[in-house]
Amino acid sequence: MRRVVFNQKGGVGKSTITSNLAAIAAQQGLRTLVVDLDAQGNSTRYLLGEAADEAGQRGAAEFFESTLSFSVRPPKMADFISASPWENLHVMRSSPKLEELHSKLESRYKIYKLREALQGLSEDYDQIWIDTPPALNFYTRSALIAADSCLIPFDCDDFSRRALYGLLDSVKEIQADHNRELAVEGIVVNQFQPRASLPQRTVQELIDEGLPVLQPYLSSSVKIKESHELARPMIHLDPRHKLTQEYMALFESLP
């Protein structure tokens, strides 16, 4: 199963959701890979901690760079993947170099290379989670083409709701032109405040429109900031915390 976590709007929790659901998958014994395509590298830092700053490590940028030149012996995908501190969890790390490569990759139409590479890892990993930048650019399109399904984080404000419709249209375009098997698995409600009327009303409107809103909603919690700072996904930081339990229930609800 290859899932992409995607939203063109920034600050909706893509990296946090990707990393925590992937960490739960790994903790449950599933061989899990996180592919970080966002040049900011939030998933990379969250899952690798200080090791994210190690010099000389290869990752997503080096993989894409390798597609720009022909080689009789192309590098192995394992060369671009790093082990995390957590059993069963590996990361294809991000770097700022992704930004430098973007125009070259787009002009050379390397849009299918990620799909080919991840298909080749189907026997090595049970689940592959792809974190994307907050833009519909080359890397995001590559991820949507490579994925079986898409999760859409949503942070309960009117701007997010308005952006959601355009996002769904973008996914439909990818489905029609490149990946007919891509499914919108659902909308993940993040930073939900049940006592506030606006989030409740906004989410209910999505449900009334027939959009696939997933349960449970992820609560707003300062604990997640501690989780980021310590580079410890919630399942490893505080398994009994309410937010951890919500993440676990959300993971169990996925096919």
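Before moving on, here are some points about what is shown:
- Likely footprinting exposure, THR16, THR132, THR140, fewest C-beta neighbours within 10 Å first: THR140, THR16, THR132
- Per-residue Cβ neighbour counts within 10 Å put TYR46, TYR125 in the sequence TYR125, TYR46, beginning with the fewest.
- Built amide H within the under 5 Å cut-off of VAL213, gap 5+: ILE187
- Relative contact order (percent, whole number), the range 48-93, Cα cutoff 8 Å, 6+ residue spacing: 41
- The chain, relative contact order [Cα under 8 Å, separation at least 6], %: 26
- Springs join every pair of Cα atoms under 10 Å in this Gaussian network model of the chain, and among SER219, SER66, SER142 the largest mean-square fluctuation is at SER66.
- Two-decimal Rg to Rh for the range 2-250 - Kirkwood Rh, Cα set: 0.96
- Degrees between helix 14-27 axis and first principal axis of the chain (Cα, 0 to 90, nearest 10): 80
- The packing ranking, built from the mean of other Cβ atoms within 10 Å per residue, places the peptides 204-213, 20-29 in the order 20-29, 204-213, highest first.
- Restraint check, LYS9/LYS110; LYS76/LYS97; LYS14/LYS172; LYS76/LYS113; LYS14/LYS97; LYS14/LYS223, Cα-Cα greater than 22 Å: LYS9/LYS110
- 5 angstrom amide H check on ALA183, placed H, neighbours 5+ away: SER149, CYS150
- ILE207-MET77 pseudo-label distance in nm [points 7 Å out on the Cα-to-Cβ vector]: 3.8
- Where trypsin sites (Lys or Arg not before Pro) fall in DSSP loop in the range 214-255, at most 13 other Cβ within 10 Å: ARG240
- Loop-located trypsin sites (Lys or Arg not before Pro) in the range 156-203 whose Cβ has at most 16 other Cβ within 10 Å (DSSP): ARG180, ARG195
No lab work stands behind these numbers, since they all come straight from the coordinates. Bear in mind the structure is a predicted one, so any value in this text is a computation, not a measurement. Note that we place each Cβ from the backbone using ideal geometry, even for glycine, and neighbour counts take in every protein chain shown.
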